[in-house]
Amino acid sequence: MRFRRIEFPFSLGVANGYDAHMALMRILVDGYSLLHNWPELAPGHPRHSERARKELVHVLTRYHDATGTPVTVFFDGAGAPAGVPKPELTSAVEVLFSRAGQTADQMIERAAYRFNSYGETLVVTDDHAERDVVSGMGGSVASCANFIRMIGDALTELQDELQNYNRTELNRFNRHPRRNLK
């Protein structure tokens, strides 16, 4: 499994208990908290809609592709019609819905506690109580606004790397066009 060091757009000094050299093992995302802070995703669709959730999962998959860090996104699913929403799992992003009697926050806190012994996890939410619980367990937390910036930076960096690679390959091809056609 490949881990990539994430640069945070905010201070995570050793005084905060964060070792900047530790690789992130997994990112745990409060899905509806992130959707409510990201109106540009699925504009015109309700934040609790399937369309908004799918768009979020698509962006998180692209983020995983850029960073290599696994992502689990949690949604409150209590009260949903039978069969909807269905848990989803891709190789990049795991999507989980809470059952009746539990909340996505409880699932995130439990997952953060369990993953803590395997390496650094980052919990993304704007729920201050949840952030306090996770940081109290020794986990790292990020606000939704900071995580949205992290996603933008990672996708921009990936785009730049792809453009540089394509430019290099085009130059290599143009220097030796006949040899490359054989």
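The values are calculated or read from the model by the stated rules, or taken from the named source; none is laboratory data. Small disclaimer: the values here were computed from a predicted structure and weren't measured. When we count neighbours, we look across all protein chains shown, and the Cβ atoms used for this are built from the backbone with ideal geometry, even at glycine.
Here are some notes:
- Residue match in the stretch 66-81 (condition: part of a loop (DSSP other than H, G, I, E, B), in contact with a Phe, Trp or Tyr (Cβ under 8 Å, 6 or more places away or on another chain) and modelled with pLDDT under 75): yes
- Count - residues of the stretch 136-156 that are part of a helix (DSSP H, G or I) and either free of Cβ contacts under 8 Å to residues at least 40 places away in the same chain or farther than 25 Å from G119 by Cα (or both): 3
- Matching residues, the stretch 29-49, being hydrophobic (A, V, I, L, M, F, W, C) and not in a helix (DSSP H, G or I): V29, W38, L41, A42
- The set of residues from the stretch 119-173 being small (G, A, S) and under 19 Å from Y63 (Cα atoms) comprises S140, A142, S143, A145, G152, A154.
- For first residues located in the stretch 94-123 and touching a residue at least 60 places away in the same chain (Cβ under 8 Å) and of a type in the set (D, E), partners that are surrounded by 15 or more Cβ atoms within 10 Å (Cβ to Cβ) and in a helix (DSSP H, G or I) and lie 6+ apart or on another chain with Cβ distances below 7 Å form the pairs D105/E130.
- With respect to being of a type outside the set (D, E) and either over 21 Å from Y63 (Cβ atoms) or not in a helix (DSSP H, G or I) (or both), Y113 fits the description.
- Scan of the stretch 95-121 for residues that are at pLDDT below 90, closer than 13 Å to S135 by Cα and over 16 Å from the mean Cα position of the chain (by Cα), ordered by number: N116
- Only one of the numbered conditions (1) under 12 Å from S33 (Cβ atoms); (2) out of contact with any Leu (no Cβ under 6 Å at 6 or more places or on another chain) is violated by V123, and that is (2).
- Boolean, N166 is modelled with pLDDT under 90, part of a helix (DSSP H, G or I), surrounded by fewer than 10 Cβ atoms within 10 Å (Cβ to Cβ) and not aliphatic (A, V, I, L, M): no
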